[in-house]
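Notes to accompany the following structure.
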Amino acid sequence: LPGLLLCLLCGCKVTNLKSEEKQPLEYTVVKEEDIPPAIDSLIESKKQEEFQITYQDGAYLYLLRGYGRQKTGGYSIQVEELMLSAESILFKTSLIGPSKEEEPSLEPSYPYIVVKLEYREAPVQFEG
């Protein structure tokens with residue numbers, strides 16, 4: 001009987017569902033010069049239009065988010081959220097336009113971001 005009680009106590013776990021709904025993931029924003037060649041050529045072929053791509057390379061998962069052709073330069077992309085939920089990875093970004101103080105280049109630009117994290121067996125939801 002004491003062994004059964006011990007098993008029952010070990011099986012019980014108090015969980016706070018609110019804290020387990022989403023947990024932040026560690027990631028690195030990959031610098032342009034550090035982007036693997038296969039990903040670089042993928043971006044080059046897709047950059048004219050908006051894109052959302054996942055790419056697995058060994059133990060790493062790369063999340064690629066491009067905002068397509070913009071009329072000028074000076075754009076940046078901010079990672080709003082990169083979270084793991086019970087069902088998926090949520091990757092939320094936003095495009096930030098040129099600042100009012102800066103004179104953006106008049107050449108078109110193709111803003112994108114590449115984020116690297118440990119590979120996880122979960123679908124990715126892009127937002128933003």
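Of note:
The rows are residues; the columns are (1) crowded, with 16+ Cβ neighbours inside 10 Å; (2) of a type in the set (Lys, Arg); (3) without any contact (Cβ under 8 Å) to a residue 60 or more places away in the chain.
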site: 29; (1), (2), (3): no, no, no
site: 34; (1), (2), (3): no, no, yes
site: 37; (1), (2), (3): no, no, yes
site: 43; (1), (2), (3): yes, no, no
site: 51; (1), (2), (3): yes, no, no
site: 56; (1), (2), (3): no, no, no
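- In the set (1) more than 10 Å from the chain's Cα centre (by Cα); (2) within 27 Å of residue 21 (Cα to Cα), residue 92 fails one condition alone, (1).
- Taken together, 112, 67, 75, 60 contain a single residue that is open to solvent by 20 Å² or more (accessible area, probe 1.4 Å), free of Cβ contacts under 8 Å to residues at least 40 places away in the same chain and closer than 26 Å to residue 125 by Cβ, which is 75.
- Which numbered condition residue 3 misses (of (1) open to solvent by less than 80 Å² (accessible area, probe 1.4 Å); (2) modelled with pLDDT of 95 or more): (2)
- The stretch 78-99, residues that are open to solvent by less than 40 Å² (accessible area, probe 1.4 Å), outside any loop (DSSP other than H, G, I, E, B) and of a type outside the set (Val, Ile, Thr): 82, 83, 84, 85, 90, 91, 94
- Pairs meeting the criteria (first residue in the stretch 89-104 and without any contact (Cβ under 8 Å) to a residue 24 or more places away in the chain, second residue open to solvent by 40 Å² or more (accessible area, probe 1.4 Å), beta carbons under 7 Å, at least 6 apart or on different chains) are 96/75; 96/76; 96/78; 97/75.
- Among the residues making up the stretch 16-74, those that are in a helix (DSSP H, G or I) and touching a Gly at 6+ places or on another chain (Cβ under 8 Å) are 43, 46.
- Whichever residue in the stretch 115-128 is within 18 Å of residue 55 (Cα to Cα) and part of a loop (DSSP other than H, G, I, E, B) and, among such residues, is least open to solvent (accessible area, probe 1.4 Å): 122
The values are calculated or read from the model by the stated rules, or taken from the named source; none is laboratory data. Remember, it's a predicted structure, so these values are computed and weren't measured experimentally. A quick note on method: Cβ atoms are made from the backbone with ideal geometry, for glycine too, and the neighbour counts reach across all protein chains shown. For the accessible areas, the whole protein counts, side chains as well, though only heavy atoms, and no ligand, DNA or RNA atoms are used. Shrake-Rupley method; radii C 1.70, N 1.55, O 1.52, S 1.80 Å.
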